[in-house]
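Chemist: What follows is a single structure, and I will ask about it in a moment.
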């Protein structure tokens, strides 16, 4: 039996540690080359999450934190598929979600942006992919917000995601953007991604999941690191 | 073949999404820092440490994840709630896995880090096993100490340095 070895990060699409235009990378980027290690049971055995980890309203950010009404803003549906680099779906894997509200304000206590907090929107949730690797959740479209990186710096609308896949080598934390956002071309976080990878972070409007008189749909697929074994190998 | 989805920083505002209970948000946490209950486990250990930036300033918005492949324990803690901005984990000390010295896998996330870092935590009271560990032996001898948590009266101390003379060894896993 051959060992399943996971591909390394594809550095042609992932952002490097150091991206001077994104100023806080300067003192936080490791400066020495990474030491390449052989994957062992330590890297390849988990963690694994399941149904018991996801609550009944975790997939609906428009309902999971209401106090006295509905959250304000544009309801959206985000869906897509989680797969590996070989195109194989990754079933029953955990996706964690967090984002700003429609006014561009995070509930996080250190966010000082002078935009209103929405008492009916926490902005966090989680889903598991189904047997075919699909996921789907409801939320409010997040607003843009200012940050201190440089004069008049604004982050584009985005949703944060955390994914696990089968083990710690496939761990991924990323951000999904929206098509046509004029702020993308000014955002050093997005532009830290090499040109080859940028389009992969922009969701697509999807009429097929848009619900009439209710919410717009967006599609965003995730591709996690795959393995070196190919199903079509010949002897 | 589809391309890997690029990483993006965890940002400064991960707390209510990834560690809500630790930071006092009204949402259930899936993953915390108490991998075992110290009251039930006489062998439980406490691991603490700080994360330092390139000028030696303590980073108060890092997120540390810990994976113990032997006991199948996974933990997560942000450095924003402890009075000294430490990460703190209560867990078991693992045994040897796969012919390697006892160790835990560590994943480091923070604002200003566009992609996460992998490191490992070994134990200072396992000197003999550490000597023959295949991964430690890939690391230049003068940098190995950055991967070894020091045993103290309170548990194990494991500081992480992103840069500088004591820069922690990070791995391509």
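Chemist: Viscosity 1.567 mPa s, temperature 4 °C: give me the Stokes-Einstein translational D for the range A:45-147 in µm²/s, with Rh taken as the Kirkwood radius over C-alpha pairs.
Modeler: 88
Chemist: Moving on. Dividing the alpha-carbon radius of gyration of the range A:17-90 by 2.2 N^0.38 Å (N being the number of residues), what value is obtained?
Modeler: Output field value: 1.79.
Chemist: Then there is this: Report the rotationally averaged projected area of the range B:1-72 based on its alpha-carbon convex hull, in square nanometres.
Modeler: Details: hull surface 33.7 nm².
Approximately 8.4 nm², given one-decimal rounding.
Chemist: Taking only the alpha-carbon atoms of the range A:98-182, what semi-axes of the equivalent ellipsoid follow from 5 times the gyration tensor eigenvalues under a square root, in whole Å, largest first?
Modeler: Its equivalent ellipsoid spans semi-axes of 26, 16, 13 Å.
Chemist: Other chains near B:48-61: what is the mean number of their Cβ atoms within 10 Å of each residue's Cβ?
Modeler: Per residue, the number of nearby Cβ atoms from other chains is 2 on average.
Chemist: A further question on this structure: When the chain is fully extended, how far beyond the present Cα-Cα distance does residue B:82 get from residue B:55, taking 0.36 nm per residue of separation?
Modeler: Additional length available on full extension: 7.6 nm.
Chemist: Run the numbers on the range A:23-224 and let me know its relative contact order in percent, using alpha-carbon pairs under 8 Å that are six or more apart.
Modeler: With pairs under 8 Å counted, the relative contact order is 25 percent.
Chemist: Still on this structure: Given a Förster distance of 41 angstrom, what is the FRET efficiency for residue A:5 paired with residue A:147, based on the Cβ-Cβ distance and rounded to 0.05?
Modeler: Values: r = 39 Å, r/R0 = 0.95.
About 0.60, to the nearest 0.05.
Chemist: Still on this structure: Taking every pair of alpha-carbon atoms in the range B:15-161, what share in percent sits in each 10 Å bin, from 0 to the bin with the longest distance?
Modeler: Per 10 Å bin, starting at zero, the Cα-Cα P(r) for the range B:15-161 comes out as 11, 41, 36, 11, 1 percent.
Chemist: Using only the Cα atoms, work out Rg/Rh for the range A:23-224, with Rh taken as the Kirkwood radius, to two decimals. All intermediate terms of the calculation are to be shown ahead of the outcome.
Modeler: On the way: Rg = 17.8 Å, Rh = 18.4 Å.
Using Cα coordinates only, the ratio equals 0.97.
Chemist: Other chains' Cβ within 10 Å of A:150-163 residues: what's the mean?
Modeler: The shielding value for this peptide is 2.
Chemist: Modelled label-to-label distance, residue A:136 and residue A:199, 7 Å Cα→beta-carbon offset: nm?
Modeler: Between residue A:136 and residue A:199, the label points sit 2.7 nm apart.
Chemist: The protein assembly as shown: D in µm²/s via Stokes-Einstein (Kirkwood Rh, Cα pairs, 25 °C, 0.890 mPa s)?
Modeler: This corresponds to a translational diffusion coefficient of 112 µm²/s.
Chemist: For peptide B:124-135, what's the mean number of Cβ atoms from other chains within 10 Å of each residue's Cβ? Please report the intermediate quantities before stating the final value.
Modeler: Working: counts 0, 0, 0, 0, 0, 0, 0, 0, 0, 0, 3, 5.
For this peptide, the per-residue mean of nearby foreign Cβ atoms is 1.
Chemist: Run lengths n ≥ 4 of DSSP H only: what is the helix-derived mean residue ellipticity at 222 nm for the protein assembly as shown, with -39500 (n - 2.57) per run over all residues, to the nearest 500?
Modeler: -1000 deg cm²/dmol
Chemist: Under the classification rounded if a/c is under 1.5, otherwise prolate if a/b is larger than b/c and oblate if not, where does the range A:133-235 fall, given a ≥ b ≥ c as square roots of the Cα gyration tensor eigenvalues?
Modeler: oblate
Chemist: According to a simple spin-label model (label point 7 Å from Cα along Cα-to-Cβ), what is the distance in nm between residue A:114 and residue A:191?
Modeler: 2.7
Chemist: Could you put A:147, A:98, B:67 in order, starting from the residue whose Cβ has the fewest other Cβ atoms within 10 Å?
Modeler: A:147, B:67, A:98
Chemist: Can you figure out the FRET efficiency of residue B:157 with residue A:52, using R₀ = 30 Å and their beta-carbon distance, to the nearest 0.05?
Modeler: 0.30
Chemist: How big is the range A:131-181 by Rg and Dmax over its Cα atoms, in Å?
Modeler: When restricted to the Cα atoms of the range A:131-181, Rg and Dmax are 14.7, 46 Å.
Read-outs: derived from the displayed coordinates by stated rules, not from any lab. It should be emphasised that the depicted structure is a prediction, and the values quoted were computed from it without experimental measurement. Here the Cβ is made from the backbone with ideal geometry for all residues, glycine too, and neighbour counts use every protein chain on show.
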